[in-house]
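Asks: Please read through the structure below; I'll follow up with questions.
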């Protein structure tokens, strides 16, 4: 039989993935803060067909966020300083989660806090609810008990917050690692030591923009998180490094705009990918990437997406 006669079709493919106990129907998720609560996109895409929806970051109490302006476009990306504006965990569970459950969405809750105790309390509330498949930890938050130092920049604190959340939930716990560190592998190892089931990489890079006419920073918060294609090479490098050193599945993201980008992340070691800024460019992007990956797999005669994970990593 020739290679051409042995070609797969899309029905033969296995594109499901296991992200630390979280089973996704396909390897494409949408990143927290870029997809709202899903309902904002329902006119454009069948949200139940996306591998997973990581909902807007949620805190213990409601937050109004930072003053405006808090978003600015930059070359090959954008800066945001939203400040975790959200209605709080109780409102999310009461008003938004039922809609996502009704739609059959695989929901990943992104949680944030100012103290380790806040993370743990949110996790406990989620554990007592139904309809959430996993918890992503936003550890790029200021630890008020430590003078405002971000949780995610200190290995000991990373370990502590993961441990605290794991004590309160049976769900997979996936810390989202900050790239604003000296050694990302050290942080990843600390997360694993704390009991993390998988890793989400990477969160935004800190940056700023200046209005030269008014001679002042554009963002009211001065600094913001840089996302989009500008950070893709950094994200790929960090995922590659962590994949080689830490035996945890990785949810990779940072500047993915098409299926080729997504495949780069998978080949660098990501089990699944998250689409962030790209959702603002194209609200249908996540499912277009799923279709692109399937066409690539058929073309290359690859039956399982798992064959591609880490395929570019030099041992």
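The values are calculated or read from the model by the stated rules, or taken from the named source; none is laboratory data. Keep in mind that this is a model prediction, so the values were computed, not measured. Here Cβ is always computed from backbone atoms with ideal geometry, including for glycine, and neighbour counts include all displayed protein chains.
Asks: Out of 219, 226, 257, I need the residue that is part of a strand (DSSP E or B) and either without any contact (Cβ under 8 Å) to a residue 60 or more places away in the chain or buried (at least 20 other Cβ atoms within 10 Å of the Cβ) (or both). Which one? Steps first, answer last, please.
Replies: Details: 219 fails: part of a strand (DSSP E or B); 257 fails: part of a strand (DSSP E or B).
Just one listed residue meets the conditions, 226.
Asks: Sort through 216, 232 and tell me the only one that's in contact with a helix residue (DSSP H, G or I) (Cβ under 8 Å, 6 or more places away or on another chain) and at negative phi.
Replies: On the way: 216 fails: in contact with a helix residue (DSSP H, G or I) (Cβ under 8 Å, 6 or more places away or on another chain).
From the options 216, 232, the qualifying one is 232.
Asks: Out of 301, 279, report the one residue that is at pLDDT 95 or above, touching a strand residue (DSSP E or B) at 6+ places or on another chain (Cβ under 8 Å) and surrounded by fewer than 24 Cβ atoms within 10 Å (Cβ to Cβ).
Replies: Numbers: 301 fails: touching a strand residue (DSSP E or B) at 6+ places or on another chain (Cβ under 8 Å).
Only one candidate passes the filter, namely 279.
Asks: Let me ask something else about it. Filter the stretch 100-120 down to residues that are surrounded by fewer than 18 Cβ atoms within 10 Å (Cβ to Cβ) and out of contact with any helix residue (DSSP H, G or I) (no Cβ under 6 Å at 6 or more places or on another chain) and give me whichever is farthest from residue 63 (Cα to Cα).
Replies: Step by step, filter the stretch 100-120, then rank; the result is 102.
Asks: Would you mind stating whether residue 310 is at negative phi, touching a residue at least 12 places away in the same chain (Cβ under 8 Å), surrounded by fewer than 24 Cβ atoms within 10 Å (Cβ to Cβ) and not in a helix (DSSP H, G or I)? Walk me through it before giving the result.
Replies: Values: at negative phi: no; touching a residue at least 12 places away in the same chain (Cβ under 8 Å): yes; surrounded by fewer than 24 Cβ atoms within 10 Å (Cβ to Cβ): yes; not in a helix (DSSP H, G or I): yes.
For residue 310, the condition - at negative phi, touching a residue at least 12 places away in the same chain (Cβ under 8 Å), surrounded by fewer than 24 Cβ atoms within 10 Å (Cβ to Cβ) and not in a helix (DSSP H, G or I) - is not met.
Asks: Something else now. In this structure, is residue 88 at pLDDT 95 or above and surrounded by fewer than 18 Cβ atoms within 10 Å (Cβ to Cβ)? Full working, then the answer.
Replies: Values: at pLDDT 95 or above: yes; surrounded by fewer than 18 Cβ atoms within 10 Å (Cβ to Cβ): yes.
When the stated conditions are applied, residue 88 passes them.
Asks: Mind checking which residues of the stretch 85-98 are part of a helix (DSSP H, G or I) and out of contact with any helix residue (DSSP H, G or I) (no Cβ under 6 Å at 6 or more places or on another chain)? Give the derivation first.
Replies: At the first step, the residues of the stretch 85-98 found to be part of a helix (DSSP H, G or I) are 89-98.
If the condition is that a residue be part of a helix (DSSP H, G or I) and out of contact with any helix residue (DSSP H, G or I) (no Cβ under 6 Å at 6 or more places or on another chain), then 90, 91, 92, 93, 94, 95, 96, 97, 98 are the ones that fit.
Asks: Of the residues 122, 82, which single one is touching a strand residue (DSSP E or B) at 6+ places or on another chain (Cβ under 9 Å) and in a loop (DSSP other than H, G, I, E, B)?
Replies: Criteria check complete, one pass: 82.
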